[in-house]
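Asker: Below you will find the structure I want to go over with you.
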């Protein structure tokens with residue numbers, strides 16, 4: 001789910017576009033993120049980055065999709081220097 005890399009932290013997420021509301025669901029299988037945007041023209045990817053940015057209070061420019069642009073299975077890289085915000089991220093993905 002959460003791995004440290006030389007550039008930041010990698011999150012493995014399963015995305016569910018076209019949802020009724022934006023939310024993050026933790027389960028035994030991993031973390032699923034429901035996004036209201038449709039998977040058309042990158043709208044769902046953009047909405048995912050915006051939602052993660054708001055949820056973890058990390059700038060959008062510090063979050064990028066590194067794998068799975070067109071897939072429901074995505075790997076997201078979080079590059080953040082703020083230790084307090086990184087701690088919240090680590091605690092959430094325990």
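Quick note: the coordinates plus some simple rules give every number you see, no bench work behind them. Since the structure is predicted, the reported quantities are computational estimates derived from the model, not experimental observations. Don't worry about glycine lacking a Cβ; one is built from the backbone with ideal geometry, like all the others, and counts go over all protein chains shown.
Asker: If each of residue 5 and residue 90 carries a label point 7 Å out from its Cα toward its Cβ, how far apart are those two points in nm?
Answerer: Between residue 5 and residue 90, the label points sit 1.9 nm apart.
Asker: What does the helix-only formula give at 222 nm for the chain: each DSSP H stretch with n ≥ 4 adding -39500 (n - 2.57), the total divided by the residues, and the result rounded to the nearest 500 deg cm²/dmol?
Answerer: Details: 2 runs with 24 residues, N = 94.
Result for the chain: -8000 deg cm²/dmol, rounded to the nearest 500.
Asker: Mind jotting down the three principal axis lengths of the chain based on Cα atoms? Whole angstrom, largest first.
Answerer: Taking max minus min along each principal axis of the Cα atoms, the chain gives 34, 28, 21 Å.
Asker: Looking at the chain as a GNM with Cα springs under 10 Å, which of 75, 61, 36 has the largest mean-square fluctuation?
Answerer: Fluctuation is largest for 61.
Asker: Whole angstrom only: what separates the Cα centroid of the stretch 80-94 from the Cα centroid of the stretch 1-69?
Answerer: Comparing the Cα centres of the stretch 80-94 and the stretch 1-69, I get a distance of 15 Å.
Asker: Next question, about the same structure. Over the stretch 1-75, what relative contact order in percent results from Cα pairs under 8 Å that are six or more residues apart? Walk me through the numbers on the way to the answer.
Answerer: Details: 115 pairs, mean separation 19.6, N = 75.
Relative CO of the stretch 1-75 lands at 26 percent.
Asker: Considering only 33, 78, 66, give the residue with the highest GNM mean-square fluctuation for the chain, with springs between Cα atoms whenever their separation is below 10 Å.
Answerer: Among 33, 78, 66, the largest mean-square fluctuation in the Gaussian network model of the chain belongs to 66.
Asker: Return, ordered by residue number, the residues of the stretch 35-68 whose backbone nitrogen is under 13 Å from a label point located 7 Å along Cα→Cβ of residue 21.
Answerer: Those under the cut-off are 35-36.
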